[in-house]
Amino acid sequence: MLTLHTADASPGTAVLVDGAHIAAVGPYERLAAGHPDARLRRWPGILTPGLLNPYGPELLEQAYHPDPREADRLGTEPVFGERARALLAAGPSARGASARRGVQRMLAHGTVAVAGELRGREALDAVRRAGLALAGRPAALPGPAALSPVPLVLLPALGAGQSARFAVFDVPDRDTLVRDGASTCVATVVGGRLVYRRR
């Protein structure tokens, strides 16, 4: 089934998805006229190729992402340092659950690809199950390992035939996205599936 994604602030960059791949990218009016039976998903803000998070190992293997049931004791943000190492040392199930929660946080910030050499099976499994692409690290890393608001590494432009990986941010333009950060994400699509949608 075809799905047409469009965002209010970037109608010139609508994306027609066929299964796991992009069938076409172009102005919303043209794609809608050419595919009137496509399911429509209309979003606020801008549609982008999504983000590369260059800190895969730091966020998925060296940080501990608390379970909501641990919030009273650990808070809701990733835990780093000695405390994280102690929590991750509890075993493979703790590492796997933390990595899965870390991936979910990434998806909620428009991440569609991660970089850095992941060595642990648990982190690799979490990334692969989510359908995130693995990429090389940029030559210059853009600041500290953080999920938001910055650094942001935008991926290259979308095109027909590519895997359907992109994100939508509730901002009027890219300059505002850079200023306000990835927490403005309203939707993330990976492999043609809507893997995150802000409630």
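The values are calculated or read from the model by the stated rules, or taken from the named source; none is laboratory data. From a predicted model like this one, the values you see are computed outputs, not experimental measurements. Here the Cβ positions follow ideal geometry from the backbone for every residue, glycine too, while neighbour counts run over all protein chains shown.
Do the conditions hold for residue 36, that is, is it in a loop (DSSP other than H, G, I, E, B), in the same structural domain as residue 176 (by TED's automatic domain parsing) and not polar (S, T, N, Q)? The answer is yes for residue 36. If you check residue 100 against the conditions, is it free of Cβ contacts under 8 Å to residues at least 40 places away in the same chain and touching a helix residue (DSSP H, G or I) at 6+ places or on another chain (Cβ under 6 Å)? Taking the combined requirement at face value, the residue satisfies it. Report yes if some residue within the range 133-155 is buried (at least 16 other Cβ atoms within 10 Å of the Cβ), modelled with pLDDT of 90 or more and of a type in the set (Val, Ile, Thr); otherwise report no. No, there is no match, as no residue in the range 133-155 is buried (at least 16 other Cβ atoms within 10 Å of the Cβ), modelled with pLDDT of 90 or more and of a type in the set (Val, Ile, Thr).
Could you list all residues from the range 149-176 that are assigned to a loop (DSSP other than H, G, I, E, B), farther than 15 Å from residue 5 by Cβ and not hydrophobic (A, V, I, L, M, F, W, C)? Residues satisfying the conditions are 149, 151, 156, 161, 172, 173. Here the condition is being over 11 Å from residue 112 (Cα atoms) and more than 14 Å from the chain's Cα centre (by Cα); of 198, 193, 174, it holds for 174 alone.
Just so you know, in the range 1-33 the residues that are in a helix (DSSP H, G or I) and farther than 17 Å from residue 189 by Cα include one that is farthest from the chain's Cα centre (by Cα), and it is 33.
For residue 179, state whether it is farther than 18 Å from residue 58 by Cβ, part of a helix (DSSP H, G or I) and either modelled with pLDDT under 90 or touching a Gly at 6+ places or on another chain (Cβ under 6 Å) (or both). Spelling it out, residue 179 is indeed farther than 18 Å from residue 58 by Cβ, part of a helix (DSSP H, G or I) and either modelled with pLDDT under 90 or touching a Gly at 6+ places or on another chain (Cβ under 6 Å) (or both).
For the range 77-89, the condition of being surrounded by 14 or more Cβ atoms within 10 Å (Cβ to Cβ) and of a type in the set (Val, Ile, Thr) holds for at least one residue.
For the range 64-89, filtered to residues that are among the small types (Gly, Ala, Ser) and over 24 Å from the mean Cα position of the chain (by Cα), the residue that is nearest to residue 100 (Cα to Cα) is 89.
For residue 117, state whether it is among the charged types (D, E, K, R) and either at pLDDT below 95 or assigned by TED's automatic domain parsing to the domain that holds residue 163 (or both). Judged against the criteria, residue 117 is a match.
For the range 17-61, a residue qualifies if it is farther than 21 Å from residue 197 by Cβ, charged (D, E, K, R) and touching a Leu at 6+ places or on another chain (Cβ under 8 Å), and the qualifying residues are 37, 61.
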